[in-house]
Structure formats: C-alpha cells, structure tokens
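Here is the structure we will look at, set down as structure tokens.
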Amino acid sequence: MKRILTAATVLLGFCLAGVPARGQVTPERLLESAKEPQNWLMYSGDYAGRRYTTLDQINTKNAASLVPKWAYQTMAGGKFETTSLVVDGVLYATGADDRAFALDARSGRPIWQYQRSLPPDIRPCCGRVNRGMAILGDKVFLGTLDAHVIALDTKTGNVAWDVGTSDYSKGYSITLAPLVINHLVLIGVSGGEYGIRGFIDAYDAATGARKWRFYTVPAPGEPGHETWEGDSWKIGGAPAWITGTYDPATNTTFWTTGNPSPSNRGAGRAGDNLYSNSL
C-alpha cells in the first residue's frame, strides 16, 4: 500500500516539528493549575478565578523596557476580548467572528487556524466577540455566536464535535469562554437584551452530549419563580455570560448572571424597586 503525502500533510508535519513537546491537560492538572505559573490553563488562570500569576520577571521596575518580539494578524476585524490559554509553549486564543488559532508562544508561528462559518443573521448584542477557550486532553472548546459549542483538536484545529445549544434567531449567542470541570464542559449563554431565558449547560468533553442544563430564570415550581410575574420568566434574560468558578472541596460551581429582560425597566417583575421615579 502506498502512502500519499499531500502538501497540507507535509506543511502540518513541518509546523508541528518545531512545537515544544506537550503533555495532556488532565482534570488533575487543572485542579493544580496554580502550581504551573508558566502556563495559563483556563480563562481565569485557576478555578478560584483570581486571574493572578506568581510570575515576577516582569515588574514595575522593568515593564517600561518591554519591546515587541512578534506579532500575529488574526485577519478578523472588530473587538478583541480573548484571554489566551498557554499550555507548554503553545498559545490558544480566539478572535472576532469565532476565529480560533494555536501559535508557538515563543515565535508567534501559526500552528493552525479555525474560522467558524456563521449565518448572516446572527444577533450578538455587543460586538461579534469571543472571549476564549477551555482545554482538556486533546481538545480545546469554544462557544460560537450562533449558539453552538464546538471542540477542536489541539494539534490540528479540526472539529471533533459540534453541538447546538439553542436557536440563534431568537437572540441566543455565546461569547464567553467555557469552564472545564472534571470531564464536563460548562458554558453559559448570552442574549439577555433579546428576551431569552438564560441558562448554563454542561457537555461531555469527549462526545459533546449534553449532561444537564440549569436555567437562570426559574420556571413554575422552582425556587424564586414567585419573583417573576406572569409569564415574564419565559423571556427573563439573565444570561450567564461571564465564565464561572469552581470550588473542588465542595464540588460547587459559581456563576453570575447579566441583565434581565427588559433591562431598563422592572415592569412585569415582582418586588420593590430600589429607586423611585417620583420627585
């Protein structure tokens, strides 16, 4: 049997040849991520969400002398809100319009690039942004502006799985970076301005199968439903669009929510108004 090498195969082999050796990112390694200050293994650096590193080579005395070493053009316009992952010398990041890429962190040389093919009628509220990825094993994970969650192969950028969370035409989108806990990929939805019902999902990291969904606006019979008048809970907003944190000691994850819908008035929601319109 003859083995056929395409130009793309040769190019990929050439690119990977210069990439530092990488170990698997395991759940145990994520738990101990604070002990690897040379890496940045999740959106906030560690499960506590401190977004703090103990690295001290750059400090107030030498920061003014920093100079650029390389630059990478994302080839996507718009706002740039990503927080990069750095794993054993490889930088994984995202850009506008759900562009994702892996770079050699030392040289800026591209390893792979991925571009989501988005429908023309997506409805992101506040820019066509993506704020980053999560990693586990041989996959990185990101949410998309058309409300999908996808897994990409860390070596090639090829799609491993792709699942839809909700109907983007109703205002649902995803801009935050996922959070991996054990073998689950947790992610929250955006779109509170459009009268969605916010939720947080968990997906199997290996297959993309959804394991559970937590709605941030309670339905009838659920705690807190009495604070939503009539059917307002169905379009209550409260998107979970900031990546959560995790306490391994209690196996508890914490998430904040964004604005309710409508966002600028409380009509249709029970409770005393904090501010009065009377003079």
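The values are calculated or read from the model by the stated rules, or taken from the named source; none is laboratory data. Fair warning: this is a prediction, and the values are worked out from it, not measured in the lab. Because the Cβ atoms are built from the backbone with ideal geometry, glycine has one as well, and the counts that use them run over all protein chains shown. To get the accessible areas, we keep the full protein, side chains included, count just its heavy atoms, and leave off ligands, DNA and RNA. Shrake-Rupley method; radii C 1.70, N 1.55, O 1.52, S 1.80 Å.
Restrict the check to segment 214-230 and report whether at least one residue is under 23 Å from S33 (Cβ atoms) and either touching a strand residue (DSSP E or B) at 6+ places or on another chain (Cβ under 8 Å) or assigned to a strand (DSSP E or B) (or both). Step through it out loud before you land on a result.
Here is the first cut: in segment 214-230, the residues under 23 Å from S33 (Cβ atoms) are none.
There is no residue in segment 214-230 that is under 23 Å from S33 (Cβ atoms) and either touching a strand residue (DSSP E or B) at 6+ places or on another chain (Cβ under 8 Å) or assigned to a strand (DSSP E or B) (or both).
To keep it simple, each residue is scored yes or no on (1) hydrophobic (A, V, I, L, M, F, W, C); (2) open to solvent by less than 30 Å² (accessible area, probe 1.4 Å); (3) over 23 Å from I122 (Cα atoms).
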| site | (1), (2), (3) |
| --- | --- |
| A177 | yes, yes, no |
| Y194 | no, no, no |
| I200 | yes, yes, no |
| D231 | no, no, yes |
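Which residues, counting only those in segment 241-272, are within 15 Å of T216 (Cβ to Cβ) and open to solvent by 60 Å² or more (accessible area, probe 1.4 Å)?
In the first step, residues of segment 241-272 are kept if they are within 15 Å of T216 (Cβ to Cβ); the result is 241-244, 253-261, 263, 269.
The answer is W241, I242, F254, T256, T257, S263.
Quick one: would you say S173 is open to solvent by 10 Å² or more (accessible area, probe 1.4 Å), closer than 27 Å to S261 by Cβ and in contact (Cβ under 8 Å) with a residue 40 or more places away in the chain? I'd like the intermediate steps shown before the answer.
On the way: open to solvent by 10 Å² or more (accessible area, probe 1.4 Å): no; closer than 27 Å to S261 by Cβ: yes; in contact (Cβ under 8 Å) with a residue 40 or more places away in the chain: yes.
So S173 does not fit the description; no.
Would you call G237 small (G, A, S), on the phi > 0 side of the Ramachandran plot and buried (at least 19 other Cβ atoms within 10 Å of the Cβ)? Before you say what the answer is, go through the steps one by one.
Values: small (G, A, S): yes; on the phi > 0 side of the Ramachandran plot: yes; buried (at least 19 other Cβ atoms within 10 Å of the Cβ): yes.
Spelling it out, G237 is indeed small (G, A, S), on the phi > 0 side of the Ramachandran plot and buried (at least 19 other Cβ atoms within 10 Å of the Cβ).
Only one residue in G13, G23 is modelled with pLDDT under 95, within 29 Å of the chain's Cα centre (by Cα) and assigned to a helix (DSSP H, G or I), so which one is that? Spell out the reasoning first.
On the way: G23 fails: assigned to a helix (DSSP H, G or I).
The conditions single out G13.
Counting just the residues of segment 213-233 that are in contact (Cβ under 8 Å) with a residue 24 or more places away in the chain and among the charged types (D, E, K, R), which one comes out farthest from G266 (Cα to Cα)?
E226
Mind checking which residues of segment 40-56 are modelled with pLDDT under 95 and polar (S, T, N, Q)?
T53, T54
Which condition from (1) modelled with pLDDT of 90 or more; (2) closer than 30 Å to Y52 by Cβ is the one that W241 breaks?
Looking at each condition in turn, W241 falls short on (1).
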